[in-house]
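What follows is a set of notes on a single structure, which appears directly below.
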Amino acid sequence: MATTLHNLKRPEGSWHRKKRVGRGQGSGLGKTAGRGGKGQKARTGNMRFEGFEGGQSPLQRRLPKFGFISPNRTVYAVVNLSDLEGFDAGATVDVAALESRGLVKGRYDGVKVLGNGTLSKKLSVRAHKLSATAREAIEKAGGSVEELPLVAHKPESAAKAHSGKGVKQAKKS
């Protein structure tokens, strides 16, 4: 019999009921709830966390820390010249055009055009950053390049976030 959506069944032995402990003597797991008498293992909140090595300094603490990712870093969406080849000659390639074509996805601070590939069409490219080879190739094809200023956040949101903070008030005399 073919398995289809209306007759799906889980494999035999792939599932079992959760063990409910501490639910009275008749259950077979009452009183000490399967933990035995006394001792460290009978107590709550102990030895159950990931990486516990019986009191020995755990591996994640023995290994040195490395690397740093700045929370204030600038992340650019990368677009190559080979991606720009899909636009019509004479078109204006900006962030909105790249997003509509699906070449830029997700959240980025800006768009950077790199020189991988070739460009044979005259395009007007507006981006936040361009590599020297990309700029040269676009201008060689007869196109124009405009470098947009990088705005980290909207001025109104910055004004709202920092309203009154760190601003010294004039003393009243």
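The values are calculated or read from the model by the stated rules, or taken from the named source; none is laboratory data. Keep in mind it's a predicted model, so treat the numbers as computed, not measured. Note: ideal-geometry Cβ built from the backbone for every residue, glycine included; neighbour counts use all protein chains shown. These area figures cover heavy atoms from the full protein model, side chains too; ligands, DNA and RNA do not enter into them. Shrake-Rupley method; radii C 1.70, N 1.55, O 1.52, S 1.80 Å.
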Within the accessible area of the chain (1.4 Å probe), percent carbon and sulfur: 52
Whichever aspartates and glutamates have a C-alpha closer than 16 Å to that of K122, once near sequence neighbours (fewer than 8 apart) are set aside: D83, E85, D88, D94, E136, E139, E146
Calculated FRET value between D109 and A89, using beta carbons and R₀ = 25 Å, to 0.05: 0.25
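Given a cut-off of 29 Å, name the pairs among K19/K41; K18/K38; K105/K129; K18/K41; K9/K41 whose C-alpha atoms lie farther apart than that in the structure shown.
Values: K19/K41 18 Å; K18/K38 24 Å; K105/K129 17 Å; K18/K41 20 Å; K9/K41 38 Å.
Those over the limit are K9/K41.
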Solvent exposure of the range 8-111 as accessible area per residue, Å², 1.4 Å probe: 86
Given the chain, longest segment not containing exposed loop GluC sites (Glu not before Pro) (DSSP; at most 11 other Cβ within 10 Å): 51-173
Segment K41-H16, length gained on full extension (0.36 nm per residue, minus Cα span): 6.5 nm
Spatial extent of the chain: Rg and Dmax, with the Cα atoms as the point set, Å: 31.3, 92
The range 104-150, relative contact order in percent, only Cα pairs under 8 angstrom and at least six apart counted: 40
Calculated FRET value between T32 and R62, using beta carbons and R₀ = 35 Å, to 0.05: 0.50
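Could you calculate, for the range 26-125, the ratio of the Cα radius of gyration to the Kirkwood radius, expressed as Rg to Rh? Intermediate results must be reported in sequence, preceding the final value.
Working: Rg = 29.1 Å, Rh = 19.8 Å.
With Rg and the Kirkwood Rh in hand, the quotient comes to 1.47.
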Residue-averaged [θ]222 nm for the chain, counting only DSSP H segments that reach four residues, each worth -39500 (n - 2.57): -4000 deg cm²/dmol
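Report the full-extension gain for the segment V78 to V151: residue separation times 0.36 nm, less the Cα-Cα distance, to one decimal in nm.
Separation in residues times 0.36 nm, less the Cα-Cα distance, equals 24.6 nm.
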Solvent exposure, largest accessible area first (probe 1.4 Å, DNA, RNA and ligands not counted), of L130, L29, L81: L29, L130, L81
